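The values are calculated or read from the model by the stated rules, or taken from the named source; none is laboratory data. Note that the structure is a prediction, hence the values are computed from the model and not measured. Cβ placement follows ideal geometry from the backbone for every residue including glycine, while neighbour counts extend to all protein chains displayed.
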């Protein structure tokens, strides 16, 4: 009798497990595909388990081996080759298969705006999944709480007080460049490397009160960790459930890096807490100190703040976003000004007008930087063509209506902002060309539909560091334009690469000339 019961029980378990996998690997994806096709979306037929991932991975690897032959700004085929192929073959209303999950391309600015505004419906991660990368990957009330804690650190008045610190970092870089051009009046400089060091110094000083040299080990570890993360994302094994637990060489190295990074950041947080306890307020005007104070206030008012582990996560995000976003923006701006010498001249004349040629005696304050209209136009046009965030994605967890579109659970909406930035219907026939004049009347009037420009995302979840990055970028460009003119080196190779931001794969060698 017991044998019969065990046999029946085993059969039931086998049937249930079999149905689970059949449903998960075939029936559910087929249901989602039919739903999309019935609404006019097109894409490759579903292929079990991996979907389009093999092709996505292979095309991404091939792109790394083929720089863009010209200095064209039509870079989507290079940085997002499979996405570009999908849009060319199936149109804007298309989808791609990331494993069993269809990623639906949404390019209508009005639909994108609705998705970004409803952050409690369109989520960053699966329900219950623990975040490992700070504010950027939090959802719902958890996101709202952390945003509330961090907001005071990025208040405009606080950022204005950080301009002198930013200027010190820029001056260190400028001095090094001047030493390089001292003998002949010009020199070839990889500005991407220099700007990465400079923006790293800025975030280290303004966020933690230390300098780039003191935090050099932390930056090296972070950069290595990012490189391994994006290397993994280009591999199919990344999308196998549980693959991050495999004892591979890369996974073991990533774990070791994670431990070392967290130890360093935890030490920084501990030091700030000790200074606060001793009443030392001399070094309290930095992002971390302001955030710790805000966290204490949150605990007093609501009973729960951020534990040490989550504070460390937020600090890690400071380092990555604070360095990479601004260094990539500055690099592409300088490259574009090399290609468009007339705009370089206009920007320099504007800087001289507001700050003079005797830069050693002129303070570079926020109010002065805010009056640089031509520079703002140039920066916006750079962000349109080379945004740090090239696309956004959100997960669907329940049946959702997006205007006339029905979305099912376990679908993902893909918002390719870089494609929206290049849509000729929105920006005109010169959408792939550098033309800062399109921003002469401000961001809202730059395109045919307001909201088509979204280099920092949009809605309530717009990048919290947007103003920080723009102030730093304006200051650095002002200092560079006052000291140097510049042109592309013959050794420059045009090959944008997507990492945390969009970076030049082979660096950015420019010829600097002392003014």
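Just one of the listed residues (196, 210) is crowded, with 20+ Cβ neighbours inside 10 Å and out of contact with any strand residue (DSSP E or B) (no Cβ under 6 Å at 6 or more places or on another chain), and it is 196. The helices (runs of 4 or more DSSP H) found wholly in the stretch 1-76 and carrying at least 1 residues that are under 35 Å from the mean Cα position of the chain (by Cα) occupy 28-38, 53-64. Does the stretch 262-274 hold any residues that are surrounded by 15 or more Cβ atoms within 10 Å (Cβ to Cβ) and out of contact with any helix residue (DSSP H, G or I) (no Cβ under 8 Å at 6 or more places or on another chain), and which are they? Across the stretch 262-274, the qualifying residue is only 271.
If only one of 82, 50, 98 is in contact with a strand residue (DSSP E or B) (Cβ under 9 Å, 6 or more places away or on another chain) and free of Cβ contacts under 8 Å to residues at least 40 places away in the same chain, which one is it? Talk me through it step by step, then tell me what you get.
Numbers: 50 fails: free of Cβ contacts under 8 Å to residues at least 40 places away in the same chain; 98 fails: free of Cβ contacts under 8 Å to residues at least 40 places away in the same chain.
None of the other options fit; the residue is 82.
The condition of being out of contact with any strand residue (DSSP E or B) (no Cβ under 8 Å at 6 or more places or on another chain), part of a helix (DSSP H, G or I) and closer than 21 Å to residue 152 by Cα holds for only one of 250, 264, 299, that being 299. Checked against the criterion of being within 30 Å of residue 37 (Cα to Cα), touching a helix residue (DSSP H, G or I) at 6+ places or on another chain (Cβ under 8 Å) and modelled with pLDDT of 95 or more, the candidates 512, 426, 477 yield just one match: 426. The single condition from (1) touching a helix residue (DSSP H, G or I) at 6+ places or on another chain (Cβ under 8 Å); (2) surrounded by fewer than 22 Cβ atoms within 10 Å (Cβ to Cβ) that residue 202 fails is (2).
Here's the yes/no breakdown for (1) over 16 Å from residue 401 (Cα atoms); (2) modelled with pLDDT under 95; (3) buried (at least 17 other Cβ atoms within 10 Å of the Cβ); (4) in contact with a helix residue (DSSP H, G or I) (Cβ under 8 Å, 6 or more places away or on another chain):
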| position | (1), (2), (3), (4) |
| --- | --- |
| 42 | yes, no, no, yes |
| 45 | yes, no, no, yes |
| 64 | yes, yes, no, no |
| 96 | yes, no, yes, yes |
| 99 | yes, yes, yes, yes |
| 114 | no, no, no, no |
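Against the conditions (1) within 30 Å of residue 29 (Cβ to Cβ); (2) touching a helix residue (DSSP H, G or I) at 6+ places or on another chain (Cβ under 9 Å); (3) buried (at least 17 other Cβ atoms within 10 Å of the Cβ), residue 403 satisfies every one except (3).
Might you check whether a residue that is under 30 Å from residue 173 (Cα atoms), in contact (Cβ under 8 Å) with a residue 40 or more places away in the chain and not in a helix (DSSP H, G or I) occurs anywhere in the stretch 472-485?
Step one: filter the stretch 472-485 for residues under 30 Å from residue 173 (Cα atoms), giving 472-485.
Okay, now just the ones that are also in contact (Cβ under 8 Å) with a residue 40 or more places away in the chain, so 472-485.
Still in the running and not in a helix (DSSP H, G or I): 484-485.
Scanning the stretch 472-485 turns up at least one residue that is under 30 Å from residue 173 (Cα atoms), in contact (Cβ under 8 Å) with a residue 40 or more places away in the chain and not in a helix (DSSP H, G or I).
Residues that are touching a helix residue (DSSP H, G or I) at 6+ places or on another chain (Cβ under 7 Å), surrounded by 15 or more Cβ atoms within 10 Å (Cβ to Cβ) and outside any helix (DSSP H, G or I): does the stretch 134-144 have at least one? There is at least one residue in the stretch 134-144 that is touching a helix residue (DSSP H, G or I) at 6+ places or on another chain (Cβ under 7 Å), surrounded by 15 or more Cβ atoms within 10 Å (Cβ to Cβ) and outside any helix (DSSP H, G or I).
Looking only at residues in the stretch 162-186 that are surrounded by 15 or more Cβ atoms within 10 Å (Cβ to Cβ) and not in a helix (DSSP H, G or I), the one that is nearest to the chain's Cα centre (by Cα) is 162.
Results for (1) crowded, with 17+ Cβ neighbours inside 10 Å; (2) under 19 Å from the mean Cα position of the chain (by Cα); (3) in contact (Cβ under 8 Å) with a residue 24 or more places away in the chain; (4) farther than 25 Å from residue 85 by Cα, shown as yes or no for each residue.
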position: 378; (1), (2), (3), (4): yes, no, yes, yes
position: 386; (1), (2), (3), (4): yes, yes, yes, no
position: 394; (1), (2), (3), (4): yes, yes, yes, no
position: 415; (1), (2), (3), (4): yes, yes, yes, no
position: 429; (1), (2), (3), (4): no, no, no, no
position: 441; (1), (2), (3), (4): no, no, no, yes
position: 458; (1), (2), (3), (4): yes, yes, yes, yes
position: 469; (1), (2), (3), (4): yes, yes, yes, yes
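Among the residues here, residue 330 does not qualify as within 18 Å of residue 432 (Cα to Cα) and modelled with pLDDT of 95 or more. Among the residues here, residue 503 does not qualify as over 23 Å from residue 346 (Cα atoms), over 20 Å from the mean Cα position of the chain (by Cα) and either modelled with pLDDT of 95 or more or surrounded by fewer than 23 Cβ atoms within 10 Å (Cβ to Cβ) (or both).
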